[in-house]
Each structure stands twice: as structure tokens, then as C-alpha cells.
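The numbers here are math on the coordinates, done by the rules we state, and not lab data. Note that the structure is a prediction, hence the values are computed from the model and not measured. No Cβ is skipped: glycine too gets one built from the backbone with ideal geometry, and neighbour counts run over all protein chains shown.
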Amino acid sequence: MGKAKTSKIENTANIKVSVIITSYNKPDYLKRVIHGLLLQTRIPNEIIVADDGSKEETSNLVQLFKKKCTNCKIVHVWQKDKGFRAARIRNLAIKKSKAEYLIFLDGDCIPEKHFVEDHIFFAKKGFFFQGKRILIEKQLSKTFTFKDTLLKRKLFLSLLKGNISNGHHIIRLPFIPVMENTKISGTRTANLGVFKKDLYALNGFNEDFIGWGREDSELVARLYNFGLKRKQHLFKAICFHLWHKENNRNNLEKNDILLEKTLFLGEYKCANGLE
């Protein structure tokens with residue numbers, strides 16, 4: 001399958017932005033993530049909670065935010081709990097979104113205050129943007145909030161104590177040049193920005209992926225096959241990843257085969273996706 005034309009959007013300063021948060025039964029974490037998005041230097045136009053089958057507590061939390069929030073539309077998209085189906089719930093969220101540019105964020109990743117602003121800055125025709133994560137250890141994750149992301153001295157002390165890793169991302173250096181590449185390694189939809197039009201060209205996430213693993217890498221492989229390149233920056237568009245137990249990896253071997261198939265065939269459109 002040949003290369004296709006990418007999004008024609010050039011001026012991104014005023015584009016509408018949706019942040020899609022993937023979540024499953026972590027309302028305490030999700031609350032902190034949404035709170036961080038509502039205190040951004042650039043508030044997103046809408047926040048969509050892509051809920052992969054959580055219990056009622058998550059729905060109640062989202063409804064509470066919807067009632068209180070006046071400057072940002074908040075949407076809850078839910079599917080039945082039939083195991084890890086991140087690809088499908090993200091596609092449902094994409095269909096609900098009203099914005100031109102989509103930022104994917106996991107429900108355990110608290111955004112730095114410039115997170116949305118930085119993503120918009122890097123949104124450009126022919127590219128998607130991959131952000132970076134700072135990893136918060138188990139004990140600190142119990143209390144870590146958006147307020148803590150602002151306290152650089154406290155963050156550096158936590159780094160010295162071994163309570164966080166990937167700590168070099170803490171310093172915001174906006175004038176460091178952006179990097180471009182076409183590698184699969186280091187890509188994940190816990191912090192990724194892409195034009196919705198480009199996702200529709202790919203037919204979105206591949207819903208053949210069931211169980212944890214590789215659905216984000218396979219999407220990125222198809223973005224490359226489509227003709228897009230990846231932008232990344234070590235010191236902008238940062239999020240703070242809260243600790244959680246590893247997901248069940250029973251389907252990882254099958255998902256690896258699906259990824260290898262996409263890499264081998266070089267196709268950009270999946271059959272089982274948005275449409």
C-alpha cells in the first residue's frame with residue numbers, strides 16, 4: 001500500500017484539542033490526572049475518559065467533574081469489562097472527540113503544567129509527537145499530585161532518594177532542539193499527540209489487539225507506513241507516571257506476531273478499527 005497524504009493543518013496555535021485518558025479502575029489516579037489537565041497553561045477543549053470497563057466509582061468521578069467544570073467539556077466513554085481492550089476503547093473515544101488534534105494520556109500519568117501547550121507547539125503536518133515520562137515509585141505514588149509536579153526542589157530531593165526515575169526530564173528546557181526519527185522503540189500512547197485526520201486514514205487502533213502489549217507500537221508502525229515522522233523532546237510535554245502493578249502479559253506473544261506482520265507488510269490501514 002503506497003504513501004498517503006497527511007493532514008493539511010499548518011497553523012496549530014488555535015486548533016481544538018482533545019485529551020483522551022485511558023483508564024481502568026483507578027479513580028484515585030484518574031482524579032489527579034484530570035485535575036492536572038484542568039490547571040494547564042492551555043486548557044484542552046475536551047477531556048475524554050476512555051474507560052475500559054471500570055466499576056461505577058469511575059463513572060461517578062467523571063460525572064462530578066462534568067458538573068463542576070465550566071471551561072472544558074468532559075466526556076465519559078465506557079465499554080464492558082472483557083479484559084484488556086485498550087485499542088477498542090481508544091477508538092470509541094476517537095469517534096466521540098470533536099477536536100482536530102488528539103493527545104493520548106494514560107489514567108496514571110499526571111501532566112506537567114505545560115503539557116497541552118507543548119503538544120500543540122509540536123503539532124505539525126507530517127508528524128506525530130511522542131512525549132516523555134518521569135516514573136514515580138510505589139510509595140510516593142500514593143500521595144503524588146499535580147501540585148508536586150510544580151515543586152522542583154522536592155522533585156530533585158525525590159530523585160536523590162531514589163523515589164523517581166527518568167528524572168532528567170524534570171528540567172524544562174524549551175530551547176533544546178526537537179528530535180525527529182522513525183524508530184518504534186520509545187513510543188507509547190501514554191503520552192502521544194496526533195491529528196485525528198491522520199488516525200482516520202489509518203482506521204485508528206487495531207482492535208485485533210486483545211490483552212496488554214504492542215497495540216501502541218503497532219499504531220506507530222502504521223503512522224510511519226503512512227508517511228509520518230516522529231517528533232520528540234526530552235524536556236517538554238512531560239508527564240509523571242504513577243506506579244502500578246504490571247498488567248497481565250498472557251497475550252503478548254500473539255500481539256508480537258500482529259506487530260511483526262504490520263512491520264513486514266508495510267501497510268498503514270488496519271481492517272479492524274474505527275470503521
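What the table below lists for this structure:
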{"read-out": "Value at 222 nm in deg cm²/dmol, rounded to 500, when DSSP H runs of n ≥ 4 in the chain each add -39,500 (n - 2.57)", "value": "-9500 deg cm²/dmol"}
{"read-out": "Additional length obtainable on full extension of the chain from Arg172 to Lys197, 0.36 nm per residue less Cα span", "value": "6.0 nm"}
{"read-out": "Percent antiparallel among DSSP beta bridges (both partners in the chain, rounded to 5)", "value": "35"}
{"read-out": "Those aspartates and glutamates that a straight Cα-Cα span of less than 19 Å connects to Lys269, excepting residues fewer than 8 apart in one chain", "value": "Asp198, Glu207, Asp208, Glu215, Asp216, Glu218, Asp256, Glu260"}
{"read-out": "P(r), alpha carbons of the stretch 156-264 - 5 Å bins starting at zero, rounded %", "value": "2, 10, 17, 19, 17, 15, 11, 6, 2, 0"}
{"read-out": "Inter-probe distance in nm under a simple model that places probes 7 Å from Cα toward Cβ, at Lys98 and Lys161", "value": "4.4"}
{"read-out": "Full-extension gain in nm, Phe235 to Lys261, via 0.36 nm per residue minus C-alpha separation", "value": "6.0 nm"}
{"read-out": "Amide N of the stretch 250-265 lying under 15 Å from the label point, which is placed 7 angstrom from the Cα of Ala271 along Cα→Cβ", "value": "258-259, 261-262, 265"}
{"read-out": "Under 9 Å, Cβ to Cβ, from Ser54 - net charge with Lys/Arg +1 and Asp/Glu -1", "value": "-3"}
{"read-out": "Cβ-based charge dipole, the stretch 17-265, positive-most Cα from Ala93, Thr143, Gln232", "value": "Thr143"}
{"read-out": "Inter-site label distance for Lys147 and Lys55 at 7 Å from Cα along Cβ, in nm", "value": "2.8"}
{"read-out": "Across the chain: Cys residues that no other cysteine approaches within a C-beta distance under 4.7 Å", "value": "Cys69, Cys72, Cys270"}
{"read-out": "Residue list for the stretch 25-65, given a label point 7 angstrom along the Cα-to-Cβ vector of Lys16 and an amide N cut-off under 15 Å", "value": "44-48"}
{"read-out": "Inter-label distance for Lys154 and Asp208, nm, one decimal - labels placed 7 Å from Cα along Cα-to-Cβ", "value": "4.7"}
{"read-out": "Share of pairwise Cα separations in the stretch 10-114, more than 21 Å, in percent", "value": "28"}
{"read-out": "Percent of C-alpha pairs per 10 Å bin, the chain, short to long", "value": "7, 31, 38, 22, 3, 0"}
{"read-out": "Check: the stretch 17-265 dipole with +1 on Lys, Arg Cβ and -1 on Asp, Glu Cβ, in debye", "value": "640"}
